[in-house]
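Accompanying notes for the structure given below.
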Amino acid sequence: MIQKSRKLFILCTFFCFVWGGYAQDIALKTNALYWGTLTPNVGIEVRHSRKISTDWQAAYNPWTFKDGRKLRFWLVQPEFRYWLCEAMEGHFVGVHLHGAQFYGSFKDKRYDGYLAGGGLTYGYAWILSSHWNLEAAVGVGYARLWYKESPQIPCNKCYERKTRNYVGPTKLALSVSYIF
């Protein structure tokens, strides 16, 4: 029993020193701009070293609007960040990826498909208190969309497969973070 306790103590001590010993390593966040479009979202940022972190964002929009219009999607957007000062404060640059599945139903067309791509991000984080941050970020990049386009009428065989390449803004965030 004592031998197992000693091994557990040594293992826990080792992980504490390997982790880096930072007091605040994980942030839970949400993008207020997504909430402005009634899109629930959550993010987790993990500090890996003094100047490096990864940010993992996810969003889901399940809503149906008037007249049968819909815009349903789920989105994931992981990002690698390099902080110019120290992780989770000040300026940062990043590289992000994004992937989504979407379904849209508008005036006379339906769209059902996927997108994938990536881009570059610039942002800044303001420290509000010892546990709260406000972060702004903007990103530009590329997305490849592939989808089925069909008329609004219910018809399983009446669709056309399409693809589209998009270059432009791929990220816009004004996030509130709680740092643990």
Here are some residues: 6, 50. Which one is more than 30 Å from residue 109 (Cα to Cα), modelled with pLDDT of 80 or more and charged (D, E, K, R)? 50
Checked against (1) more than 18 Å from residue 116 (Cα to Cα); (2) in a strand (DSSP E or B); (3) among the charged types (D, E, K, R), residue 50 satisfies every condition except (2)
Residues in segment 101-119 that are surrounded by 15 or more Cβ atoms within 10 Å (Cβ to Cβ) and either basic (Lys, Arg) or more than 30 Å from residue 156 (Cβ to Cβ) (or both): how many? 3
Inside segment 130-175, can you point out the residues that are touching a Ser or Thr at 6+ places or on another chain (Cβ under 8 Å), in a strand (DSSP E or B) and open to solvent by 60 Å² or more (accessible area, probe 1.4 Å)? 132, 138, 140, 142, 144, 146, 160
Kindly check whether there is at least one residue in segment 70-90 that is part of a helix (DSSP H, G or I) and either under 20 Å from residue 172 (Cα atoms) or β-branched (Val, Ile, Thr) (or both). no
Candidate set: segment 141-170, residues that are over 17 Å from residue 75 (Cβ atoms) and among the aliphatic types (A, V, I, L, M); chosen: the one modelled with the lowest pLDDT: 153
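The values are calculated or read from the model by the stated rules, or taken from the named source; none is laboratory data. This one's a predicted model, so the numbers in the text were calculated from it and none came from an experiment. Please note: Cβ atoms are built from the backbone with ideal geometry, for glycine as well, and neighbour counts cover all protein chains shown. Note: accessible area is taken over every heavy atom of the protein model, side chains too, but ligands, DNA and RNA are not part of it. Shrake-Rupley method; radii C 1.70, N 1.55, O 1.52, S 1.80 Å.
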